[in-house]
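Each remark here refers to the structure printed beneath this line.
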Amino acid sequence: MFTPPPFPAARPRRLRRTPALRAMVSEAVLTPADFIWPVFLTEGEGMETPVASMPGVARLSVDRIAGAAAEAAALGIPAICLFPYTSLTARTEDCAMAWDRDNLTNRAICEIKDKVPEIAVMTDIALDPYNADGHDGLVRGGEIVNDETVEALVKMALAQAEAGADILGPSDMMDGRIGAIRQALEAEGHTHVTILSYAAKFASAFYGPFRDAVGASAALKGDKKTYQMDPANGDEALRMVARDLAEGADMVMVKPGMPYLDVARRVKEAFGVPTFAYQVSGEYAMLQAAAQNGWLDGERVMMESLMAFKRAGCDGVLTYFAPAAARLLNG
């Protein structure tokens with residue numbers, strides 16, 4: 001490795017002296033094309049319901065979703081990711097709504113692809129928005145069962161592909177689900193559909209506001225530690241990524257984001273594939289709360305946190321800051 005000459009031949013501050021010089025030697029570049037914008041859906045018409053624990057975030061009804069997608073496209077954001085809010089009364093133990101062609105997500109996919117076809121639509125594949133037990137998988141006798149859940153996830157994936165989804169995001173962390181989904185997509189002629197696997201998803205305490213946003217907090221019985229990963233395990237994360245790539249994932253994700261940047265860096269260096277991170281609801285809520293209290297400069301910490309993902313090697317980031325950050329980047 002190059003060893004710089006001693007002072008005064010080397011004065012690193014020379015390259016920090018002006019904005020122009022700093023721009024010339026900036027190592028990481030952040031653009032709106034680096035963002036995927038997660039958006040929450042709700043039933044009804046003309047609805048825009050704020051999420052109390054996520055300042056600035058609201059659930060949108062299907063008739064409002066095309067407007068959000070058009071806004072994203074105009075800002076240069078290439079993809080929008082859909083998450084449905086489902087009332088407790090609509091949830092069932094068999095989670096059959098998850099693959100109903102007329103559910104919130106599938107209607108929203110159709111609406112966006114009809115009105116804003118140029119934007120990529122990403123979906124979530126997990127049963128928790130539809131599960132009476134609040135889990136990502138089916139619950140049998142108190143156990144989250146794997147293989148039966150995978151069969152349900154395949155049906156969910158096919159329904160979303162048929163609705164027109166561009167990117168499927170399996171976030172459930174069941175064993176074997178990527179291979180099963182990929183085989184089903186190929187068999188049904190959906191050979192073009194991309195899988196962005198939540199390959200390294202940790203059993204994190206940072207998901208709380210998201211569960212409020214999708215209505216899962218009140219439903220969840222127990223925790224998700226038998227299928228989401230132990231936050232202590234970095235080597236296991238690499239094994240999970242290798243498995244999902246071998247089964248047919250096109251891109252991989254690390255979730256959460258900022259507390260796991262070391263994992264994101266290791267994934268990118270080990271595999272060299274498109275690598276994303278999810279700046280999750282708890283990360284977003286912390287920064288927003290601190291900014292609203294005047295403890296931090298909101299715009300600066302937003303942009304600094306997003307740049308951290310690029311510096312760590314991520315190709316992109318799912319972030320609720322996407323529209324605000326894109327506006328700043330666009331001037």
*Among Leu220, Leu82, Leu21, which one moves the most in a GNM of the chain with springs linking Cα atoms closer than 10 Å?*
Leu21
*Determine which lysines satisfy two conditions relative to Lys268: a Cα distance under 19 Å, and not lying fewer than 8 residues away in the same chain.*
Lys201, Lys255, Lys310
_Exposure rule at most 10 other beta-carbon atoms within 10 Å, DSSP loop GluC sites (Glu not before Pro): the chain longest free segment_ = 119-331
_If you average the C-alpha positions of the stretch 239-271 and of the stretch 276-331 separately, how far apart do those two centres end up, in angstrom?_
20 Å
*Positive-end residue of Ala74, Ile125, Pro4, charge dipole of the stretch 1-137 with Cβ unit charges*: Pro4
*Set the Förster distance to 35 Å, then compute FRET efficiency between Ala20 and Trp295 from the Cβ-Cβ distance, nearest 0.05.*
0.65
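Send over the Kirkwood Rh of the stretch 272-331, from the inverse of the averaged 1/r over different Cα pairs, rounded to one decimal Å.
Taking every pair of different Cα atoms in the stretch 272-331, averaging 1/r and inverting gives 12.1 Å.
Return a whole-number percent for the relative contact order of the stretch 29-329, with Cα pairs under 8 Å and 6 or more residues apart as the contact set. Intermediate results must be reported in sequence, preceding the final value.
On the way: 616 pairs, mean separation 59.4, N = 301.
Reported as a whole number, the value is 20 percent.
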*Any idea what the relative contact order of the stretch 272-331 is, in percent, if you count C-alpha pairs under 8 Å spaced at least 6 apart?*
48 percent
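Please identify the chymotrypsin sites (Phe, Trp or Tyr not before Pro) of the stretch 1-44 that satisfy two criteria: DSSP loop assignment and at most 10 other Cβ atoms within 10 Å. Which are they?
Here the sparse-neighbourhood loop sites are Phe2.
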_Eligible lysines near Lys113 by straight Cα distance, threshold 22 Å, same-chain separation 8 or greater_ = Lys155
*Let me know the longest stretch in the chain that avoids all trypsin sites (Lys or Arg not before Pro) found in a DSSP loop with at most 12 other C-beta atoms within 10 Å.*
102-220
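Contact order normalised by length for the stretch 29-97, with contacts defined as Cα pairs under 8 Å and 6 or more residues apart; what percent is it?
Relative CO of the stretch 29-97 lands at 39 percent.
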_Inter-probe distance in nm under a simple model that places probes 7 Å from Cα toward Cβ, at Asp100 and Thr31_ = 4.2 nm
*On a 0 to 90° scale, report how tilted helix 147-163 is relative to the longest principal axis of the chain, with both axes built from alpha carbons and the result rounded to the nearest 10.*
80 degrees
*For the stretch 165-237 and the stretch 25-92, compute the distance between their C-alpha centroids and round to whole Å.*
19 Å
*Helix-only [θ]222 nm of the chain, DSSP H runs n ≥ 4, -39500 (n - 2.57) each, per residue, nearest 500*: -11500 deg cm²/dmol
*Between Val273 and Phe2, with labels modelled 7 Å along Cα→Cβ, what's the label distance in nm to one decimal, could you check?*
3.4 nm
*Given the options Gly234, Gly222, Gly316, state which has the largest fluctuation in a GNM of the chain using a 10 Å cut-off (strictly under) for Cα springs.*
Gly222
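Please give the length that would be gained between Thr92 and Glu188 if that part of the chain were fully extended, namely 0.36 nm times their separation in residues minus their C-alpha to C-alpha distance (nm, one decimal). Working shown, then result.
On the way: separation 96, 0.36 × 96 = 34.56 nm, distance 2.73 nm.
The span from Thr92 to Glu188 would gain 31.8 nm if fully extended.
Run through the DSSP bridge list for the chain and note the antiparallel percent, rounded to the nearest 5. Before the final figure, lay out each step's value.
Working: 5 of 39 bridges.
For the chain, the DSSP antiparallel bridge percentage is about 15.
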_With a 10 Å cut-off between alpha carbons and a GNM built on the chain, which of Met251, Met286, Met97 moves the most?_
Met286
*With labels modelled as points extended 7 Å from the Cα through the Cβ direction, what inter-label distance (nm, one decimal) is found for Asp250 paired with Glu45?*
3.5 nm
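Values in this text are rule-based calculations from the coordinates and carry no lab data. None of these values were measured; they are calculated from a predicted model. Here the Cβ is made from the backbone with ideal geometry for all residues, glycine too, and neighbour counts use every protein chain on show.
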